[in-house]
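The values are calculated or read from the model by the stated rules, or taken from the named source; none is laboratory data. Keep in mind it's a predicted model, so treat the numbers as computed, not measured. Using ideal geometry, Cβ is built from the backbone for each residue, glycine included, and neighbour counts are taken over all protein chains shown. Ligands, DNA and RNA are excluded from the accessible area calculation, which covers all protein heavy atoms including side chains. Shrake-Rupley method; radii C 1.70, N 1.55, O 1.52, S 1.80 Å.
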Amino acid sequence: LIDAGIPANQRGTADDPDGDGISNLMEYALLLPPATSSTAGLPVVTKDASTISLTYNQARLDLIYTVEMTTNLANPNAWTSVGVTQGTPDLNGVTTATAPVGNTTLFMRLRVTQVN
């Protein structure tokens, strides 16, 4: 990750120097400014009768983007990418992942990891 004018003690991937609740790694992944609180550019969730979708900007080649889902927020081990169609980025990197919805509440999240 680049320093982006952030003090050395706030450059960790999990740090949040602007206090907006978005880690440095996620801000880097989504091309958000790490030193300025901003929600513009965050993933967007939509739902219709048969699917739930998460649309985001897959902007970095040095990261792995995975959309996961769960029906149980109380269990941190319940998140899975099984059943999620990850989607293909368009020319601008915009990607939409989808999953079928049934009769239960379904939650989605974007997980970002660094390529080793």
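Counting residues in the stretch 79-92 that are open to solvent by less than 40 Å² (accessible area, probe 1.4 Å) and assigned to a loop (DSSP other than H, G, I, E, B) gives one or more. Number of residues in the stretch 94-107 that are part of a loop (DSSP other than H, G, I, E, B) and surrounded by 15 or more Cβ atoms within 10 Å (Cβ to Cβ): the value is 2.
Against the test of being assigned to a helix (DSSP H, G or I), touching a residue at least 12 places away in the same chain (Cβ under 8 Å) and of a type in the set (A, V, I, L, M, F, W, C), the options M26, M69 yield a single qualifying residue, M26. Only one of the numbered conditions (1) touching an Asp or Glu at 6+ places or on another chain (Cβ under 9 Å); (2) of a type outside the set (D, E, K, R); (3) surrounded by 14 or more Cβ atoms within 10 Å (Cβ to Cβ); (4) farther than 18 Å from L63 by Cα is violated by P17, and that is (1). As an exercise: evaluate A59 against (1) closer than 27 Å to G12 by Cβ; (2) open to solvent by 50 Å² or more (accessible area, probe 1.4 Å); (3) in a loop (DSSP other than H, G, I, E, B) and give the number of the one condition it does not meet. The one condition A59 does not meet is (2). Please determine, by comparing only the residues of the stretch 59-97 that are acidic (D, E) and under 16 Å from the mean Cα position of the chain (by Cα), which one is modelled with the highest pLDDT. By that ranking, first place goes to E68.
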